[in-house]
Amino acid sequence: MLRRPSPEHASAAAQLARARRPGRVRPFTVTGGRTGAQLHLGAERLVSAVDDAHCGRGLSPEEYAIYSACAASQSIAEIGAATGLPLGAVRVLVGDLAKAGRVVVHPAASEVSKVALLERVLDGLNRL
Amino acid sequence: MVSIASDQAVPTSATTLEISTKLVIAGGFGVGKTTLVSAVSDIPVLGTEAQMTEASVGIDELGLIPEKTSTTVAMDFGRLALEPGLLLYLFGAPGQDRFWFMWDDLVRGAIGAIVLADTRRLEASFPAINYFEQRGDVPFLVAVNRFDGRLTHPLDQVREALDLDPAIPLADCDARERADVLAVLRVVIRHALNAELNS
């Protein structure tokens with residue numbers, strides 16, 4: 001087996017790789033050119049459509065696709081998979097929909113104590 | 001009830017608040033990340049998985065890995081419901097070096113990471129191990145995937161070859177087997193819990 005090279009060498013290689021990384025995906029017109037959401041939404045963050053007759057109205061096709069995709073709570077990643085929109089665009093549009101009261105963004109796991117969260121996850125895994 | 005920022009929609013009575021968290025599955029190209037995720041996921045693995053073209057086969061030295069016909073070129077993921085209101089997502093990190101820029105975003109907020117390794121091409125796991133070692137803020141372990149159910153090298157030899165810190169757990173699993181993968185998930189969560197309690 002090949003031995004792992006020293007971290008110093010690896011670090012230089014990683015820096016080089018980062019320096020050469022391709023540019024971020026260009027802003028999408030569907031988001032009005034914006035690429036950053038005000039609140040960071042991790043790919044695992046759950047979103048639910050607000051079940052109210054007016055909430056699905058007056059939305060752009062992309063917003064409506066997102067609204068429809070999270071009728072039952074779905075993660076940002078699942079909404080991306082369901083709509084075919086890139087995660088960056090989903091984040092921005094979910095941020096807009098949340099501000100407008102059309103969808104609810106569920107609490108981030110970081111709002112819970114880390115130890116309590118890990119214990120709950122471990123308990124859950126032990127029951128499977 | 002957890003409070004949320006005032007500029008967000010207020011949950012209606014119909015919405016039950018849920019918490020979700022994630023683990024990242026990293027490792028080299030073709031090491032079995034998607035297999036591992038699908039072994040435990042409640043849902044079919046989702047994401048962008050493109051069939052490799054002949055051109056990229058050459059670039060990625062696909063010939064070194066027998067019977068591999070496609071790989072993850074974006075990221076794929078699965079989900080486990082652990083209890084009502086608590087979901088665990090498993091995200092497979094893109095294996096090729098040219099997708100490294102996606103990692104920081106994916107790893108942000110992760111409660112832990114699994115670096116999956118193939119002893120036939122151990123060097124494919126070096127970048128992922130280096131990445132988590134250098135970050136230092138995401139507890140991780142290395143899991144050797146027993147391809148065809150066999151462990152080709154003893155784990156102590158693997159640990160030596162990886163120059164792995166004694167504090168980093170090293171496990172082996174058959175990434176196709178749900179029970180094996182669940183055991184690895186428990187080890188990484190216990191490791192994260194210990195790290196958190198000792199911090």
Any residue that is in contact with a Ser or Thr (Cβ under 8 Å, 6 or more places away or on another chain), touching a residue at least 24 places away in the same chain (Cβ under 8 Å) and not acidic (Asp, Glu) - is there at least one of those in segment B:162-169?
yes
Picked from segment A:17-70 (must be charged (D, E, K, R) and touching a helix residue (DSSP H, G or I) at 6+ places or on another chain (Cβ under 8 Å)), the residue modelled with the lowest pLDDT is A:Arg24
Could you please let me know if A:Gly95 is part of a helix (DSSP H, G or I), buried (at least 20 other Cβ atoms within 10 Å of the Cβ) and without any contact (Cβ under 8 Å) to a residue 40 or more places away in the chain?
no
Quick one: is A:Val104 outside any helix (DSSP H, G or I) and crowded, with 17+ Cβ neighbours inside 10 Å?
yes
Selection within segment B:122-161 - within 12 Å of chain A (Cβ to nearest Cβ) and closer than 12 Å to B:Gly27 by Cβ:
B:Leu122, B:Glu123, B:Ala124, B:Ser125, B:Phe126, B:Pro127, B:Ala128, B:Ile129, B:Tyr131, B:Phe132, B:Val142, B:Val144
With the requirement that a residue be assigned to a loop (DSSP other than H, G, I, E, B) and at the interface with chain A (Cβ under 7 Å from one of its Cβ atoms), what does segment B:98-119 give you?
B:Arg108, B:Gly109, B:Ile111
B:Ala110 under 24 Å from B:Ile189 (Cβ atoms) and either surrounded by 19 or more Cβ atoms within 10 Å (Cβ to Cβ) or not hydroxyl-bearing (Ser, Thr, Tyr) (or both)
yes
Residues that are more than 14 Å from the chain's Cα centre (by Cα), among the β-branched types (Val, Ile, Thr) and closer than 15 Å to A:Ser60 by Cα, drawn from segment A:81-115
A:Val103
Spans of helices (runs of 4 or more DSSP H) in segment B:120-199 with at least 1 residues among the polar types (S, T, N, Q) and surrounded by 15 or more Cβ atoms within 10 Å (Cβ to Cβ)
B:126-135
Report, by residue number, each residue of segment A:111-128 that is facing chain B (nearest Cβ under 7 Å), in a helix (DSSP H, G or I) and either farther than 18 Å from B:Leu197 by Cβ or touching a residue at least 40 places away in the same chain (Cβ under 8 Å) (or both).
A:Glu111, A:Gly124
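Just for segment B:11-29: of the residues that are modelled with pLDDT of 90 or more and at the interface with chain A (Cβ under 7 Å from one of its Cβ atoms), which one is surrounded by the fewest Cβ atoms within 10 Å (Cβ to Cβ)?
Restricting to residues being modelled with pLDDT of 90 or more and at the interface with chain A (Cβ under 7 Å from one of its Cβ atoms), the top hit is B:Glu18.
The values are calculated or read from the model by the stated rules, or taken from the named source; none is laboratory data. Because the structure is predicted, anything quoted here is derived from the model rather than measured. All Cβ positions, glycine included, derive from the backbone under ideal geometry; neighbour counts span all protein chains shown.
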